[in-house]
Amino acid sequence: MSKIAILSMNDAIRIDLQRLEQIVRELGEDCAAQVIGAALEELARALRRTVLAAQESDLGAVVNHADQLSRLAWQVGLVTLAGVAIDVGACAERRDATALGSTVARLERIGNRSLTQIWDPGAPS
């Protein structure tokens with residue numbers, strides 16, 4: 001008889017709150033909210049494009065979209081998301097399909113949780 005183990009995937013989400021505060025100080029609260037909101041919308045699109053490119057095995061597009069995603073994430077202080085996007089791009093560059101599959105799955109989890117948490121810091125991480 002075999003036993004099935006359920007593995008929970010609970011990656012900590014790291015957000016650089018100092019970066020967000022800096023944006024607010026530089027732009028003012030209203031403008032910062034608009035800029036950050038636009039950046040988050042673009043992040044969501046870049047995340048989706050990266051995942052779709054991986055599903056289609058378009059490794060060049062994966063590298064490009066993951067690079068864009070990591071840059072946007074750094075700009076708004078989504079440290080964990082930026083790091084995972086870099087990892088996805090590296091797997092695509094190495095043409096490591098197994099690692100790419102697992103890092104893209106992690107990217108989706110981290111991306112969705114990061115985007116939720118930045119808007120609602122009280123949300124469970």
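The values are calculated or read from the model by the stated rules, or taken from the named source; none is laboratory data. Because the structure is a prediction, the values reported are computed rather than measured. Cβ: placed from backbone, ideal geometry, glycine included. Neighbour counts: every protein chain shown. Please note that ligands, DNA and RNA were not included when accessible areas were found on the heavy atoms of the full protein model with its side chains. Shrake-Rupley method; radii C 1.70, N 1.55, O 1.52, S 1.80 Å.
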The helix 17-27 Cα axis meets the longest alpha-carbon principal axis of the chain at an angle in degrees, between 0 and 90 and rounded to 10, of 40
What distance in nm separates the two pseudo spin-label positions at LEU27 and ALA61, each 7 Å out from Cα along the beta-carbon direction? 2.9
What are the GluC sites (Glu not before Pro) within segment 31-79 that DSSP puts in a loop, where the Cβ has at most 11 other Cβ atoms within 10 Å? GLU56
Work through the residues other than VAL62 whose Cβ is under 11 Å from its Cβ and net out their charges, Lys, Arg +1 and Asp, Glu -1. -2
I'm spelling it out carefully: the read-out is Cα Rg over 2.2 N^0.38 Å, the candidates are (i) 1.15; (ii) 1.85; (iii) 1.20, and one was derived from this structure. Which label? (i)
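Give the carbon-plus-sulfur fraction of the accessible surface of the chain in %, rounded to a whole number; probe 1.4 Å, heavy atoms of protein chains only. Spell out each step's value before the answer.
Numbers: 4100 of 7740 Å².
Ligands and nucleic acids excluded, carbon and sulfur give 53 percent.
Using 1/(1 + (r/R0)^6) with R0 = 25 angstrom and r between the beta carbons of GLN75 and ALA105, what's the FRET efficiency to the nearest 0.05? Don't skip to the end; give the middle numbers.
Numbers: r = 24 Å, r/R0 = 0.98.
Efficiency for this residue pair is about 0.55.
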What nm distance separates the two modelled labels at ASP16 and VAL35, each placed 7 Å from Cα along Cα→Cβ? 1.4
Near the amide H of LEU78, under 5 Å away, which other amide H atoms are found, from residues 5 or more places off or on another chain, if H is placed in the peptide plane? ASP16
Calculated FRET value between THR98 and TRP119, using beta carbons and R₀ = 30 Å, to 0.05: 0.35
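For segment 1-69, give the magnitude of the charge dipole about the Cα centre (Cβ charges: +1 Lys/Arg, -1 Asp/Glu; no others), in debye to the nearest 20.
360
Please tell me the relative contact order of the chain in percent, rounded to the nearest whole number, where contacts are Cα pairs under 8 Å and at least six residues apart. Mind showing how you got there, number by number?
Details: 131 pairs, mean separation 34.7, N = 125.
Once normalised by length, the contact order is 28 percent.
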